[in-house]
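Note sheet for the following structure.
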Amino acid sequence: MHGTLAQNKALLEAVQSGVKHLTDVDCAVCVPFPYLSQAQQMLTGTKVQWGAQDVHQLEKGAYTGEVSAAMLKDFACSLVLVGHSERRSLYGESSQLVAEKFMAASKAGIKPVLCVGETLEQRESNITENVVAEQLDALLNLGGVQALRGAVVAYEPVWAIGTGKTATAAQAQAVHAFIRQRVATQDSQIASELCILYGGSVKAGNAAEIFAMPDIDGGLIGGAALVAEDFLAICRAGSKI
């Protein structure tokens, strides 16, 4: 919940200008609902895609304050986050609900970004894989492995978001490999083509090492994305891999 029209204008201008010469990096921003129109107006025709931070699981109805996938399509959103750790922890979103949101976005032709990850307590209890498997399996059970064709999964260890802590590249790679292998048990081609992002305090200083891991395809950037030069430095790190 950051930004104003004026702040966004400066940030988006800097980002789209900074990435236009990067030929091997896909870049997107997921903005709060009120700023989707601004993003659409400023980013149409540029290399930067735009999307939303959440979506409702139903197509329409009396759900005051909620936003449907069809509404996001009106602003030409190409992607949407579902199951971000803050949605799960602060608003109690279950893996089943997240899976339903994922399928609603897919049905509307919007690429969903399925966020999965464990808390510090869960990691210290050595149940990271169990937690991630449950979150992933909810979607596989609802939509089948085909639901992941062309989609994105983002691994975000909750304990490494906004805390200053960062999973080591090896720790992140281990979970990414686990995700890919779990999908591969149902479809090896979909697994090999699946885009898996890492989202846990990625910064300019650690991005290159993280992105060099074989199963890490990019980053889901949080706080660093609010500063244009920091975000662009991460994009440039990705372009060198």
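The values are calculated or read from the model by the stated rules, or taken from the named source; none is laboratory data. Since the structure is predicted, the reported quantities are computational estimates derived from the model, not experimental observations. No Cβ is skipped: glycine too gets one built from the backbone with ideal geometry, and neighbour counts run over all protein chains shown.
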Exercise. Only one of these conditions is not met by T166: (1) assigned to a helix (DSSP H, G or I); (2) among the polar types (S, T, N, Q); (3) in contact (Cβ under 8 Å) with a residue 40 or more places away in the chain. Which number is it?
Worked result: (1)
Problem set entry | Exclusive hit being modelled with pLDDT of 95 or more, in a helix (DSSP H, G or I) and within 28 Å of K20 (Cβ to Cβ), set A233, A191 | A233
Exercise. Restricted to segment 1-41, and to residues that are assigned to a helix (DSSP H, G or I) and in contact (Cβ under 8 Å) with a residue 60 or more places away in the chain, which residue is nearest to C195 (Cα to Cα)?
Worked result: V19
Seminar exercise, completed: Quick count over segment 194-223, residues being part of a helix (DSSP H, G or I) and β-branched (V, I, T), is 1
Problem set entry | Subset of segment 94-130 [among the hydrophobic types (A, V, I, L, M, F, W, C) and more than 22 Å from G218 (Cβ to Cβ)] | L97, A99, M103, A104, A108, L120, I127
Seminar exercise, completed: Here the residues within segment 80-107 that are among the aliphatic types (A, V, I, L, M), surrounded by fewer than 20 Cβ atoms within 10 Å (Cβ to Cβ) and in contact (Cβ under 8 Å) with a residue 40 or more places away in the chain are L97, M103
For this session: Would you point out which residue out of E134, E156, E229 is surrounded by fewer than 15 Cβ atoms within 10 Å (Cβ to Cβ), within 19 Å of S95 (Cα to Cα) and in contact (Cβ under 8 Å) with a residue 24 or more places away in the chain?
Result: E134
Problem set entry | Filter result for the condition that a residue is within 29 Å of G205 (Cβ to Cβ), among the acidic types (D, E) and in contact with a Ser or Thr (Cβ under 7 Å, 6 or more places away or on another chain), over E134, E129, E156 | E156
